[in-house]
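For reference, the structure discussed in these notes is given below.
The values are calculated or read from the model by the stated rules, or taken from the named source; none is laboratory data. Keep in mind that what you see is a predicted model, and the values were worked out from it rather than measured. Note that each Cβ is placed from the backbone with ideal geometry, even for glycine, and that neighbours are counted across all protein chains shown. What goes into the accessible areas is simple: the full protein's heavy atoms, side chains included, and nothing from ligands, DNA or RNA. Shrake-Rupley method; radii C 1.70, N 1.55, O 1.52, S 1.80 Å.
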Amino acid sequence: MDTAQASAVSSKTVTFRIWRQDDPNKPGHFDEFKVPYTKGANVISCLMEIQRNPVTVEGKKVAPVVWDAACLEEVCGSCAMNINGRVRMACSALVDKLQQPITLEPMKKFPVVRDLTVDRDRMFESLKRVKGWIPVDGTYNLGPGPRQSQKDQSVMYVLSTCITCGSCLEACPQVTLDNDFIGAAPISQARLFNMHPTGKLNAEERTRALMGPGGIQDCGKAQNCVKVCPKEIPLTTSIAVMNREVSKLMIKDIFFKEEEQKASSGPG
C-alpha cells in the first residue's frame, strides 16, 4: 500500500445513527457519530470507539452510548439489537457488510432501559414458566444416567444452542409490549427438555405450561422467528412438535373428563 492509499484508508470513516433514550419514560432521539474505519470491525468495536469519544457529527459532546455485551462471540446473546432495521447480534455484524449510515436501535418488543439496552426479563420468566431445566438431586451420585440415541442427540444439540437473545420474539408479529405471548425460544426449550431422558418426567408439566393464556395457541405461524435466529435453530419445527403434544394432551383431558363424569354418575 502506497502513502496515498494509506492516507485514504486512515481518513475513511463509518457513520452511525444511534437511538438515545435516557429513561424508559422519556422520549428518545437519534445521535449521529462518525468513527475511523477499521477493516474487519464489528458494530461492538465501533460502539467502544464511540464510548471513548462520545462526540456527535455536530461536534456536541454527549453521554456515552449504553448497550449490553459480554462474550463478543455470539454465545451470550446479550448484544441483540436492531441494526439497519433487522434484529441481529452486534458482535457478529461486520461493518464492511452493512449499508451506511448504520442505524442502531434497541429491540422494540422489550422495555427500553437506556439507549440500546433493554429489559429481557420476559424471556427468562417464560423459561421459568416452561421449567426450562432438568431437576437434579445433587445430594447423592446419580450414576451414568440413561443413554440417548444419536438421533435424539443431534436434534437436542441444535436446540441447546439457544442463547436467549430474544431475536425470535423481536421478529414475531404476535409479540407486543403489552401481551404475554411466550414466543418461539421458550417453546423450543420446552421441546428440548421434554426430549431429555430425565426431563421426560416433567414433560406433561411443561406441555401444560404452553396451554394457558399467552401459550402456543397465540402463535400466528408467521415464521419470522426462524429467519432471524442467529443459531439457525429450527424454531418452527419445535412449535409444530409442541403443538402436537398440546393437542394430544387436550384430547387426553377430554377422555379423562368423560371417564370422571361416568364414574361420578354411579351405576345405571
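Got a sec? What order do 258, 58 fall in by accessible area at 1.4 Å, biggest, i.e. largest, first?
58, 258
Please list 202-212, 133-143 highest first by mean number of surrounding beta-carbon atoms within 10 Å per residue.
Per-residue Cβ counts within 10 Å, averaged per peptide and sorted highest first, yield 202-212, 133-143.
Which length gain, in nm to one decimal place, applies between residue 259 and residue 221 when the Cα-Cα distance is subtracted from 0.36 nm times their residue separation?
Net length gain for the segment: 10.2 nm.
Restricting attention to the chain, give the cysteines that have no other cysteine Cβ less than 4.7 angstrom from their Cβ.
46, 79, 91, 162, 165, 172, 219, 229
Go through 234, 65, 27 and say which Cα lies farthest out towards the positive end of the charge dipole of the chain; charges sit on Cβ, +1 for Lys and Arg, -1 for Asp and Glu.
Comparing the listed Cα positions along the dipole, 234 ranks first.
What is the distance in Å between the Cα centroid of the range 14-47 and that of the range 115-166?
That distance is 33 Å.
In the chain, what percent of the accessible surface is made up of carbon and sulfur (1.4 Å probe, ligands and nucleic acids excluded)?
So the carbon and sulfur contribution to the accessible surface is 54 percent.
Just from its helices, what would the mean residue ellipticity at 222 nm be for the chain, if runs of 4 or more DSSP H residues each count -39500 (n - 2.57) and the sum is divided by every residue, rounded to the nearest 500 deg cm²/dmol?
Details: 9 runs with 98 residues, N = 268.
That comes out to -11000 deg cm²/dmol.
Can you compute the charge dipole magnitude of the range 1-110 about its Cα centre, using +1 on each Lys and Arg Cβ and -1 on each Asp and Glu Cβ, nothing else charged? Give it in debye, rounded to the nearest 20.
Roughly 220 debye for the range 1-110.
Tabulate in residue order the Karplus-calculated ³J(HN,Hα) for the range 115-126, using 6.51 cos²θ - 1.76 cosθ + 1.60 with θ = phi - 60°, rounded to whole Hz; enter x for Gly and Pro.
Here the 3J(HN,Hα) series is 6, 9, 8, 10, 8, 9, 4, 3, 5, 6, 5, 5 Hz.
Read phi for every residue in the range 233-238 and hand back ³J(HN,Hα) as whole Hz from Karplus 6.51 cos²θ - 1.76 cosθ + 1.60, θ = phi - 60°, with x for Gly and Pro.
With coefficients 6.51, -1.76 and 1.60, one gets 6, x, 5, 5, 5, 4 Hz.
When the label point is put 7 Å from the Cα of residue 22 along its Cα-to-beta-carbon vector, which residues of the range 85-114 have a backbone N closer than 18 Å?
Residues 112-114 fall inside that zone.
Taking R0 as 25 Å, what FRET efficiency do you get between residue 71 and residue 158 from their Cβ-Cβ distance, rounded to the nearest 0.05?
Calculated value: 0.80.
State which entries of 12/109; 128/200; 39/109; 60/227; 200/227 exceed 27 angstrom in Cα-Cα distance in the structure shown.
12/109; 39/109; 60/227; 200/227
With a 1.4 Å probe and all protein chains left in place, how much accessible area per residue does the range 68-211 have, in Å²?
Value returned for the range 68-211: 50 Å² of accessible area per residue.
Where nothing but the Cβ of Lys and Arg (+1) and of Asp and Glu (-1) is charged, how large is the charge dipole of the chain around its Cα centre, in debye to the nearest 20? Please report the intermediate quantities before stating the final value.
Details: 34 positive and 30 negative charges, 83 e Å.
Result for the chain is approximately 400 debye, rounded to the nearest 20.
Pick out, from 215, 199, 261, the residue whose Cα sits farthest towards the positive end of the charge dipole of the range 163-268, with +1 on the Cβ of Lys and Arg and -1 on the Cβ of Asp and Glu.
Towards the positive end, the residue furthest out is 199.
Order 26-36, 161-171, 77-87, 97-107 from most to least packed using the mean count of other Cβ atoms within 10 Å.
Working: 26-36: 14.7, 161-171: 23.2, 77-87: 20.2, 97-107: 17.3.
Peptide ranking by packing, descending: 161-171, 77-87, 97-107, 26-36.
Taking the Cβ-Cβ separation of residue 248 and residue 142 as r and a Förster radius of 30 Å, what is the calculated FRET efficiency to the nearest 0.05?
Using R0 = 30 Å, I get an efficiency of 0.55.
Please name which of 107, 118, 149 has its Cα lying farthest along the dipole of the chain towards the positive end, using unit charges on Cβ (Lys, Arg +1; Asp, Glu -1) and the Cα centre as origin.
Final value for the positive-end residue is 149.
Modelled label-to-label distance, residue 237 and residue 60, 7 Å Cα→beta-carbon offset: nm?
For residue 237 paired with residue 60, the spin-label model returns 5.1 nm.
With Cβ to Cβ distances under 11 Å as the rule, what net charge do the other residues near residue 169 carry (K, R +1; D, E -1)? Display every interim value, and only then the final one.
Numbers: positive: 108, 109, 120, 122; negative: 170.
Its environment carries a net charge of +3.
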